[in-house]
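Read the structure below first, then the notes.
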Amino acid sequence: MREVVTGNHTVSHAARVARAQVVSAYPITPQTQVVEKISEFVADGIMDAKFIKVESEHSAMVACIGASAAGARAFTATSAQGLALMHEVLHWAANARLPVVLANINRAMGPPWTIWTDQIDSLSQRDTGWMQFYADSNQDIFDSILISFKVAEQVLLPAMVVLEAFFLSHTAEPVDFPEQEEADRFLPPRVATHTVDPEHPAAFGGLTGPDHYYELKYMEHNAMLEAEGVIKRAAREYGDITGRYYKMADPYACEDADTVLVVSGGIASTAKDAVDEARAAGKKLGSLKIWAFRPFPREAVRELLAGKKRVAVVDRNISFGQEGIFCTEVKASLYGRDGAPPVLGFIAGLGGRDVKVRDLLAIAEAAEKADCPEFNWYGAKP
Amino acid sequence: MIEIRFHGRGGQGAAVASSLIADAIFSEGRNVQSFPMFGVERRGAPVAAFIRVDDKPIRVKCEVEEPAYVLVMDPTLIEAVDVTSGVKPKGTIVVNSPREPAEIGLDEAFDVRTFDGTTLAVEHGLGTRTAPIVNTTMLGAFAKITGLVGIDALAASIKKYFPRDRDGKNAKAARAAFEASRRG
């Protein structure tokens with residue numbers, strides 16, 4: 001069934017269709033509508049879930065951790081300062097190997113106080129052990145949440161689906177919702193092992209000395225590596241049901257491109273129009289959408305970018321004093337490889353600054369100049 | 001791709017109107033996108049909302065700059081904001097006003113149209129003269145003038161968006177506005 005729905009309400013519908021059993025969340029602009037809708041679903045009996053009101057995002061994640069440890073499918077959503085407040089327990093969820101799924105509506109970090117979008121909130125959580133997927137449309141939001149639950153419950157790592165404030169969260173567009181039976185076939189009830197169960201008392205997460213802690217991290221790392229294959233299988237299975245096939249690194253007109261824009265989130269969708277416009281003018285431009293940020297699709301990035309004349313990475317984020325974070329990841333993937341193209345970094349769109357088709361064309365044009373610096377602040381006012 | 005901008009005041013329902021008409025256009029088989037002005041809303045303050053319409057899937061995720069059509073829910077907004085900003089030459093600007101288009105004070109390069117949505121809304125029991133609820137009435141007029149959507153699709157979306165309006169006052173007002181307006 002196709003309906004015109006906002007990004008926020010798409011998140012709510014995804015939690016419902018995924019049959020999340022416990023939802024705990026604390027409202028924050030621009031995520032508030034997600035929680036409002038889920039609480040309506042639960043109150044109206046449309047969604048058979050326990051909705052737990054809490055006093056902070058930290059508590060919301062703790063409630064999800066408790067529910068997930070008891071074997072439930074747990075979900076939450078947040079933004080910016082809310083995600084930052086969760087930070088401590090994001091580590092906990094991942095290290096306890098709990099398949100919680102979270103939707104983060106990308107909002108820039110204050111001060112100055114802001115409600116508009118950029119990716120610094122979610123990218124600051126890079127090393128917590130959560131998988132991360134960056135959606136480029138409302139359809140992508142829905143599909144990514146279903147795929148995330150499936151993958152998370154297999155590899156026992158939590159997953160974060162990320163969408164931009166306003167450009168996706170408050171934008172209504174057509175979304176194709178699968179029939180519940182189709183979704184159930186793809187995502188059957190969670191089969192949990194090692195759950196907290198009063199009938200079978202056990203200790204979890206207790207003091208662990210250097211003898212064992214190190215190997216637990218080795219296992220967690222391997223789980224993240226293993227996730228790549230699991231994501232590919234889940235995406236294929238999902239595609240066979242819905243006709244929509246997701247790729248961790250998704251190329252658009254890349255094959256014969258001289259210049260490739262590496263993009264993520266809604267900018268990846270806008271970039272397709274930019275590529276079409278450039279192509280119509282006879283320019284060999286392509287784009288590469290990074291859907292999965294963790295695990296990072298290193299192999300695909302290497303293969304798809306090998307031999308290109310240049311790559312321009314558009315980052316709606318910044319690691320202060322370094323460069324854009326996607327840019328660093330792309331460079332790390334390409335390092336030391338034959339045929340690795342020059343990688344040029346462009347910061348754009350921080351704090352909700354609009355990134356239009358013409359901005360992406362200007363970035364591509366700047367990258368094509370022989371003297372283009374390796375690192376650029378696109379469109380910064382003097 | 002057709003781009004549209006609605007101007008209203010916080011609480012007048014401009015954002016609801018934008019998603020409602022997008023829903024109606026979508027029900028007639030076209031692709032749509034709608035979003036409110038990105039930011040904080042205050043009751044009474046000028047607000048805007050945007051719609052995109054295309055036969056192809058709409059991929060751009062950025063703001064609307066050059067609308068072909070503009071709907072102004074409240075004529076006092078013309079003094080507060082530039083409702084013609086970015087509007088293409090000969091773009092249509094529909095204003096809720098009992099006055100003639102030439103009396104509105106907008107540049108004659110634009111196709112300015114007026115419709116007295118306030119009187120019609122109040123006649124249909126939608127708010128009062130001082131606090132009229134004009135969004136559905138003005139959508140009826142806007143739909144007819146621009147030809148973007150049929151009245152049956154619009155009325156169906158109005159019913160979907162206002163399930164508690166059991167007497168169908170909003171849909172009736174929209175229909176009356178549609179009939180009282182002139183295409184093109």
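The values are calculated or read from the model by the stated rules, or taken from the named source; none is laboratory data. Just so it is clear, the model here is predicted, and its values are computed rather than measured. Note: ideal-geometry Cβ built from the backbone for every residue, glycine included; neighbour counts use all protein chains shown.
Provide a single number: the residues in segment B:36-90 that are out of contact with any Phe, Trp or Tyr (no Cβ under 9 Å at 6 or more places or on another chain), among the hydrophobic types (A, V, I, L, M, F, W, C) and free of Cβ contacts under 8 Å to residues at least 60 places away in the same chain.
6
Specify which of the listed residues (A:Lys369, A:Lys356) is within 25 Å of A:Ala278 (Cα to Cα) and without any contact (Cβ under 8 Å) to a residue 24 or more places away in the chain. Explain how you work it out, then say what you get.
Working: A:Lys356 fails: without any contact (Cβ under 8 Å) to a residue 24 or more places away in the chain.
Only one candidate qualifies: A:Lys369.
All but one of (1) over 21 Å from the mean Cα position of the chain (by Cα); (2) part of a helix (DSSP H, G or I); (3) of a type outside the set (A, V, I, L, M) hold for A:Gly45; which doesn't?
Going through (1) over 21 Å from the mean Cα position of the chain (by Cα); (2) part of a helix (DSSP H, G or I); (3) of a type outside the set (A, V, I, L, M) one by one, A:Gly45 breaks only (2).
Name the residue, out of A:Asp197, A:Asp127, A:Asp140, A:Asp184, that is charged (D, E, K, R), within 14 Å of chain B (Cβ to nearest Cβ) and either out of contact with any Leu (no Cβ under 6 Å at 6 or more places or on another chain) or surrounded by fewer than 24 Cβ atoms within 10 Å (Cβ to Cβ) (or both). Can you show your working first?
On the way: A:Asp197 fails: within 14 Å of chain B (Cβ to nearest Cβ); A:Asp127 fails: within 14 Å of chain B (Cβ to nearest Cβ); A:Asp184 fails: within 14 Å of chain B (Cβ to nearest Cβ).
Residue meeting the stated conditions: A:Asp140.
Across segment A:318-353, what is the number of residues that are among the aromatic types (Phe, Trp, Tyr), surrounded by fewer than 18 Cβ atoms within 10 Å (Cβ to Cβ) and either closer than 19 Å to A:Ser124 by Cβ or in contact (Cβ under 8 Å) with a residue 24 or more places away in the chain (or both)? Outline the logic, then answer.
Narrowing segment A:318-353 to residues among the aromatic types (Phe, Trp, Tyr): A:320, A:326, A:335, A:346.
Narrowing further to those that are surrounded by fewer than 18 Cβ atoms within 10 Å (Cβ to Cβ): A:320, A:335.
Imposing the further condition that a residue be either closer than 19 Å to A:Ser124 by Cβ or in contact (Cβ under 8 Å) with a residue 24 or more places away in the chain (or both) reduces the set to A:320.
Adding up the residues that qualify gives 1.
Return yes or no: is A:Gly82 small (Gly, Ala, Ser), under 25 Å from A:Pro111 (Cβ atoms) and at pLDDT 95 or above?
Numbers: small (Gly, Ala, Ser): yes; under 25 Å from A:Pro111 (Cβ atoms): yes; at pLDDT 95 or above: yes.
Judged against the criteria, A:Gly82 is a match.
Within segment A:77-104, which residues are polar (S, T, N, Q) and either out of contact with any helix residue (DSSP H, G or I) (no Cβ under 6 Å at 6 or more places or on another chain) or closer than 18 Å to A:Pro189 by Cα (or both)? Can you show your working first?
Here is the first cut: in segment A:77-104, the residues polar (S, T, N, Q) are A:78-79, A:81, A:95, A:104.
Passing the criteria: A:Ser79, A:Gln81, A:Asn95.
Can you pull out every residue in segment A:295-312 that is surrounded by 20 or more Cβ atoms within 10 Å (Cβ to Cβ) and charged (D, E, K, R)?
Of all residues in segment A:295-312, those surrounded by 20 or more Cβ atoms within 10 Å (Cβ to Cβ) come to A:295-297, A:300-301, A:304-305, A:308, A:311-312.
Selection gives A:Lys308 alone.
Go through segment A:332-356 and count every residue that is in a loop (DSSP other than H, G, I, E, B) and away from chain B (no Cβ under 14 Å).
Qualifying residue count, segment A:332-356: 8.
For the condition charged (D, E, K, R), at pLDDT 95 or above and farther than 16 Å from B:Ala176 by Cα, what is the one hit in B:Arg129, B:Arg113?
Values: B:Arg129 fails: at pLDDT 95 or above.
Among B:Arg129, B:Arg113, only B:Arg113 is charged (D, E, K, R), at pLDDT 95 or above and farther than 16 Å from B:Ala176 by Cα.
Out of the residues in segment B:125-184 meeting the condition of being among the aliphatic types (A, V, I, L, M) and in a loop (DSSP other than H, G, I, E, B), tell me which one is surrounded by the fewest Cβ atoms within 10 Å (Cβ to Cβ). Break it down stepwise before answering.
We begin by selecting, within segment B:125-184, every residue among the aliphatic types (A, V, I, L, M); these are B:126, B:131, B:133-134, B:138-139, B:141, B:143, B:145, B:148-149, B:151, B:153-156, B:158, B:171, B:173-174, B:176-177, B:180.
Going one step further and asking which of them are in a loop (DSSP other than H, G, I, E, B), we end up with B:126, B:131, B:133-134, B:148-149.
Values: B:Leu126: 21, B:Ala131: 9, B:Ile133: 21, B:Val134: 28, B:Leu148: 20, B:Val149: 25.
The residue in question is B:Ala131.
Based on what the data block shows, is A:Ser148 in contact (Cβ under 8 Å) with a residue 24 or more places away in the chain, of a type outside the set (D, E, K, R) and within 14 Å of chain B (Cβ to nearest Cβ)? Write out each step before concluding.
Values: in contact (Cβ under 8 Å) with a residue 24 or more places away in the chain: yes; of a type outside the set (D, E, K, R): yes; within 14 Å of chain B (Cβ to nearest Cβ): no.
In short, no.
Scan segment A:295-314 and tell me whether some residue there is more than 25 Å from A:Ala235 (Cβ to Cβ) and of a type outside the set (Gly, Ala, Ser). Write out each step before concluding.
Let us first name the residues in segment A:295-314 that are more than 25 Å from A:Ala235 (Cβ to Cβ), namely A:307, A:309-310, A:312.
Filter again for of a type outside the set (Gly, Ala, Ser), leaving A:309-310.
Scanning segment A:295-314 turns up at least one residue that is more than 25 Å from A:Ala235 (Cβ to Cβ) and of a type outside the set (Gly, Ala, Ser).
Specify the residue that is nearest to A:Gln81 (Cα to Cα); the eligible residues are those in segment A:103-123 that are within 14 Å of another protein chain (Cβ to nearest Cβ), in contact (Cβ under 8 Å) with a residue 40 or more places away in the chain and of a type in the set (A, V, I, L, M, F, W, C).
A:Ala108
Could we say that A:Val301 is farther than 21 Å from A:Ile105 by Cβ, in contact with a helix residue (DSSP H, G or I) (Cβ under 9 Å, 6 or more places away or on another chain) and either away from every other protein chain (no Cβ under 14 Å) or not acidic (Asp, Glu) (or both) here? Steps first, please.
Values: farther than 21 Å from A:Ile105 by Cβ: yes; in contact with a helix residue (DSSP H, G or I) (Cβ under 9 Å, 6 or more places away or on another chain): yes; either away from every other protein chain (no Cβ under 14 Å) or not acidic (Asp, Glu) (or both): yes.
So A:Val301 passes the test.
Which one of the conditions (1) within 14 Å of chain B (Cβ to nearest Cβ); (2) on the phi < 0 side of the Ramachandran plot; (3) surrounded by 18 or more Cβ atoms within 10 Å (Cβ to Cβ) does A:Asp315 fail to meet, given that it meets all the rest?
So the condition that A:Asp315 fails would be (1).
I need the full set of residues from segment A:350-379 which are among the aliphatic types (A, V, I, L, M) and under 26 Å from the mean Cα position of the chain (by Cα), in order please.
Taking segment A:350-379 first, the residues among the aliphatic types (A, V, I, L, M) are A:350, A:355, A:357, A:360-364, A:366-367, A:370.
Answer for segment A:350-379, where residues must be among the aliphatic types (A, V, I, L, M) and under 26 Å from the mean Cα position of the chain (by Cα): A:Leu350, A:Val355, A:Val357, A:Leu360, A:Leu361, A:Ile363, A:Ala364.
Hand me the list of strands (runs of 3 or more DSSP E) wholly inside segment A:92-195 holding 3 or more residues that are closer than 30 Å to B:Ile25 by Cβ. Steps first, please.
Working: elements: A:101-106, A:131-134, A:159-164, A:172-176.
Of the strands (runs of 3 or more DSSP E) lying wholly inside segment A:92-195, those with at least 3 residues that are closer than 30 Å to B:Ile25 by Cβ span A:101-106, A:159-164, A:172-176.
If the Cβ limit is 6 Å and pairs must be 6+ apart or interchain, which residue in segment A:171-190 that is modelled with pLDDT of 95 or more pairs with which residue that is surrounded by fewer than 19 Cβ atoms within 10 Å (Cβ to Cβ) and among the aliphatic types (A, V, I, L, M)?
Listed pairs, sorted by first residue: A:Phe177/A:Met1; A:Glu182/A:Ile241; A:Phe186/A:Ile241.
In this structure, is A:Ala271 of a type outside the set (S, T, N, Q), assigned by TED's automatic domain parsing to the domain that holds A:Arg337, under 20 Å from A:Asp354 (Cβ atoms) and surrounded by 22 or more Cβ atoms within 10 Å (Cβ to Cβ)?
The answer is yes for A:Ala271.
Which residue out of A:Ala192, A:Ala165, A:Ala135, A:Ala159 is under 15 Å from A:Ala235 (Cβ atoms) and either touching a Lys or Arg at 6+ places or on another chain (Cβ under 7 Å) or more than 14 Å from chain B (Cβ to nearest Cβ) (or both)?
Details: A:Ala192 fails: under 15 Å from A:Ala235 (Cβ atoms); A:Ala165 fails: under 15 Å from A:Ala235 (Cβ atoms); A:Ala135 fails: either touching a Lys or Arg at 6+ places or on another chain (Cβ under 7 Å) or more than 14 Å from chain B (Cβ to nearest Cβ) (or both).
After applying the criteria, what remains is A:Ala159.
Mind counting the residues in segment A:254-267 that are on the phi < 0 side of the Ramachandran plot and within 9 Å of another protein chain (Cβ to nearest Cβ)?
As a first pass, look at segment A:254-267 and keep what is on the phi < 0 side of the Ramachandran plot: A:254-264, A:266-267.
Then drop every residue that is not within 9 Å of another protein chain (Cβ to nearest Cβ), which leaves A:266-267.
Qualifying residue count, segment A:254-267: 2.
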